[in-house]
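Contents: one structure, followed by commentary.
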Amino acid sequence: MLPGLPLPVIVNAAGGTASRAGEGLRGQIEAAFAAAGRPIALELVAGEDLPAALDRHAGAPRVAVGGGDGTLATAAQALSRRGGELAILPLGTRNHFACQLGVPLDLAGAARLAATGKARQVDLGDAGGRVFINNLSAGAYVELVREREASRLPKLLATLPAAWHTLRKLRSRRFELTIDGEPCRIATPLLFIGNNRYEVEQGRPGERAALDDGLLSLYAVAPLPRSALVAAAVRTLVARPRMHRDFALDLTAREVRIDSAGGSLEIALDGERVRGDLPLTVRIVPRALAVVSPPASD
């Protein structure tokens, strides 16, 4: 990265922390990078304008992107194909990917890292040509996202009532899976595929031990009665699942082919609802993305 050139900084102004900052967002970002000693070319955009903004900086060796995980996945897809480095400004609601990498959650620290830090290579998930940085879900979680999107409450507050409504109408769906070439039939209310291994048994729910193992994690919740499913969900959230009872699948793989009834399947990629054609091939893309992170996470 050439330190004299302005660093492109593209921010989804509608997401999470960014939207709450309102009109002061531009000034806060400019001040953070000024303190880091780095000139920037700042663009505040709507989510749907993010791909065009990334295209405008296609030749940049590094681009800083601000937003949540859905925004970062869009940026990862573009930058991984061009060979550019991704620096993260964690301006979403939960910022799972930033937390996993150890990126500072305060704007000043994130800007300093984006300006001066080094990049390392991490894996990406690919679902029919769409990139994901965290995970893919089919089934119950998709319903939860739909319910949450229909709410007028803030995202975090809307999650609990959305989860309740989802559990009330929960049902299993049959999937025909091919896992690294081996066929597997399963009925489950929730199919989950993670970019690298999620450590649900290690007291670290939602975390991964590594982001460059070259593997997908594959979980399928067992088709339990509704009351037992609620109990299983609680156990998983506190990282005390009964793996042999709560989950019908707990595997790692490099490629998973998903088929089911109908010509398409609605899935959630990094919390964003999309529809994919069936059969849908999900694969790990090893070390596909150069992302700026603190030295301690190497």
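The values are calculated or read from the model by the stated rules, or taken from the named source; none is laboratory data. Bear in mind that the values here come from a model prediction, so they are computed numbers and not experimental data. As a convention, Cβ positions derive from the backbone with ideal geometry for all residues, glycine included, and neighbour counts pool all protein chains shown. Side chains are part of the model used for accessible areas, which takes the heavy atoms of the whole protein and leaves out ligands, DNA and RNA. Shrake-Rupley method; radii C 1.70, N 1.55, O 1.52, S 1.80 Å.
Report yes if residue 59 is open to solvent by 40 Å² or more (accessible area, probe 1.4 Å), at pLDDT below 95, closer than 24 Å to residue 286 by Cα and not aliphatic (A, V, I, L, M), otherwise no. Don't jump to the end; show me each part of the working.
Numbers: open to solvent by 40 Å² or more (accessible area, probe 1.4 Å): yes; at pLDDT below 95: yes; closer than 24 Å to residue 286 by Cα: yes; not aliphatic (A, V, I, L, M): yes.
So residue 59 fits the description; yes.
Table: residues versus (1) at pLDDT below 90; (2) buried (at least 18 other Cβ atoms within 10 Å of the Cβ); (3) under 24 Å from the mean Cα position of the chain (by Cα); (4) in a loop (DSSP other than H, G, I, E, B).
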site	(1), (2), (3), (4)
220	no, yes, yes, no
224	yes, yes, no, yes
228	yes, no, no, no
235	yes, no, yes, no
240	yes, no, yes, yes
244	yes, no, no, no
262	yes, no, no, yes
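To keep it simple, each residue is scored yes or no on (1) without any contact (Cβ under 8 Å) to a residue 60 or more places away in the chain; (2) in a loop (DSSP other than H, G, I, E, B); (3) more than 16 Å from residue 114 (Cα to Cα).
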{"position": "11", "(1), (2), (3)": "no, no, no"}
{"position": "18", "(1), (2), (3)": "no, no, yes"}
{"position": "25", "(1), (2), (3)": "yes, no, yes"}
{"position": "32", "(1), (2), (3)": "no, no, no"}
{"position": "49", "(1), (2), (3)": "yes, no, yes"}
{"position": "53", "(1), (2), (3)": "yes, no, yes"}
{"position": "63", "(1), (2), (3)": "yes, no, no"}
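Does at least one position in region 158-165 carry a residue that is within 25 Å of residue 227 (Cβ to Cβ) and either surrounded by fewer than 13 Cβ atoms within 10 Å (Cβ to Cβ) or among the acidic types (Asp, Glu) (or both)? Talk me through it step by step, then tell me what you get.
Residues of region 158-165 that are within 25 Å of residue 227 (Cβ to Cβ), as a first pass: 158-165.
Those left that are additionally either surrounded by fewer than 13 Cβ atoms within 10 Å (Cβ to Cβ) or among the acidic types (Asp, Glu) (or both): 160, 164.
Yes - at least one qualifying residue is present in region 158-165.
Looking at region 84-99, is at least one residue farther than 14 Å from residue 292 by Cβ and of a type in the set (Asp, Glu)? Break it down stepwise before answering.
Applying the first criterion (farther than 14 Å from residue 292 by Cβ) to region 84-99 yields 91-96, 99.
So of that shortlist, the ones also of a type in the set (Asp, Glu) come out as none.
There is no residue in region 84-99 that is farther than 14 Å from residue 292 by Cβ and of a type in the set (Asp, Glu).
Collect the residues in region 34-47 that are of a type in the set (A, V, I, L, M), within 20 Å of residue 105 (Cα to Cα) and either more than 23 Å from the chain's Cα centre (by Cα) or assigned to a loop (DSSP other than H, G, I, E, B) (or both), keeping them in residue-number order. Talk me through it step by step, then tell me what you get.
Step one: filter region 34-47 for residues of a type in the set (A, V, I, L, M), giving 34-36, 40-42, 44-46.
Those left that are additionally within 20 Å of residue 105 (Cα to Cα): 34-36, 40, 42, 44.
Those that are of a type in the set (A, V, I, L, M), within 20 Å of residue 105 (Cα to Cα) and either more than 23 Å from the chain's Cα centre (by Cα) or assigned to a loop (DSSP other than H, G, I, E, B) (or both): 34, 35, 36, 40, 42.
Being touching a helix residue (DSSP H, G or I) at 6+ places or on another chain (Cβ under 8 Å) and farther than 23 Å from residue 94 by Cβ is the filter here; which residues of region 9-57 pass it?
The initial filter retains those residues of region 9-57 that are touching a helix residue (DSSP H, G or I) at 6+ places or on another chain (Cβ under 8 Å), namely 9-16, 18, 21, 25, 28-29, 32-33, 35-40, 42-45, 47, 50-51, 54-55.
Passing the criteria: 33, 35, 36, 37, 38, 39, 40, 42, 43, 55.
Might you let me know whether region 167-180 holds any residue that is outside any loop (DSSP other than H, G, I, E, B), of a type outside the set (Lys, Arg), open to solvent by 60 Å² or more (accessible area, probe 1.4 Å) and at pLDDT 90 or above? It would help to see each step written out before you state the result.
Within region 167-180, the first condition is being outside any loop (DSSP other than H, G, I, E, B), and the residues that meet it are 167-168, 173-179.
With the extra rule that they be of a type outside the set (Lys, Arg), the set shrinks to 167, 175-179.
This time we only want the ones that are open to solvent by 60 Å² or more (accessible area, probe 1.4 Å), so: 176.
In the following step, the residues that additionally are at pLDDT 90 or above were identified as 176.
Checking region 167-180: at least one residue is outside any loop (DSSP other than H, G, I, E, B), of a type outside the set (Lys, Arg), open to solvent by 60 Å² or more (accessible area, probe 1.4 Å) and at pLDDT 90 or above.
Check 83, 92 and return the single one that is closer than 26 Å to residue 195 by Cβ, surrounded by fewer than 17 Cβ atoms within 10 Å (Cβ to Cβ) and touching a residue at least 40 places away in the same chain (Cβ under 8 Å).
Details: 92 fails: surrounded by fewer than 17 Cβ atoms within 10 Å (Cβ to Cβ).
Testing whether each residue is closer than 26 Å to residue 195 by Cβ, surrounded by fewer than 17 Cβ atoms within 10 Å (Cβ to Cβ) and touching a residue at least 40 places away in the same chain (Cβ under 8 Å) leaves just 83.
Taking region 93-126 only, how many residues are closer than 19 Å to residue 68 by Cα and within 18 Å of the chain's Cα centre (by Cα)?
18
Working only within region 266-280, note down all residues that are open to solvent by less than 20 Å² (accessible area, probe 1.4 Å) and either over 18 Å from residue 177 (Cβ atoms) or touching a helix residue (DSSP H, G or I) at 6+ places or on another chain (Cβ under 9 Å) (or both). Even if it seems obvious, please write down each step before you answer.
Here is the first cut: in region 266-280, the ones open to solvent by less than 20 Å² (accessible area, probe 1.4 Å) are 267-271, 276, 280.
267, 268, 269, 270, 271, listed by residue number.
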